[in-house]
1. Arrange Ile87, Ile124 by Cβ neighbour counts within 10 Å, fewest through most, would you?
2. Arrange the following residues from fewest to most other Cβ atoms within 10 Å of their Cβ: Asp120, Asp102.
3. When a footprinting reagent is the concern and you count Cβ atoms within 10 Å, what order do Arg64, Arg179 take, fewest first?
4. List every residue whose amide H lies under 5 Å from the amide H of Ile87, counting only residues 5 or more places away in sequence or on a different chain, with H placed 1.01 Å from N in the peptide plane.
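Rule-based calculations on the coordinates, nothing more; no lab input. From a predicted model like this one, the values you see are computed outputs, not experimental measurements. Cβ placement follows ideal geometry from the backbone for every residue including glycine, while neighbour counts extend to all protein chains displayed.
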Amino acid sequence: MRLSWVLAITVALALPFKAMGAIERQEVQLGKPVILKCNISLHHEIFWLKVNNEEKPRIVLVARLKNNGGLTEVMNYNTTHYEGCMIDRFFGLKISSVLNSDLGSYYCGIVEGKRMEFEDGVHIYEDKDECVSSNKKASTIHPTAETRSNSYRVFAAVLGVGLLVMVLVFFIVHMITCRK
């Protein structure tokens, strides 16, 4: 009985921290092409979702595998800018020339019936060097995802501690009521 409670508490504490490292970060250069890889199986219709702070989430590409192994684009938000491609038997999203508006997070996913499933995702950012003076080192301006990542860790820690307290209170109340 106690072992199951220890296991439940361990799982409850670990779950909020699971997603902390989920998104991959990829540095890009404006004006250059970039290819993002989706690790979801080829047997599904794949969609690419773009998320950033400046606009609402948008599906930029929907593609499926042809019988001959090629790729068919079902929907493309901007055919001159986005392109579906194959990378080592996986779906990819090629951005022909990265713009400021392209910076953000991209998630590939599938829809099966009423269920949606997403891959971890890729956050693309431009790493800017800001020269302060010729005598000082250039400092790196970190992308907003890094700042949010730190606040997410604090938020996840607070949720984890709150969940632990809730489970402990439940356990104590359960033990008290079982003794009566």
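1. Numbers: Ile87 14, Ile124 22.
Least to most surrounded, the residues fall as Ile87, Ile124.
2. Asp120, Asp102
3. Values: Arg64 16, Arg179 6.
Fewest-to-most Cβ neighbours within 10 Å comes out as Arg179, Arg64.
4. Gly92
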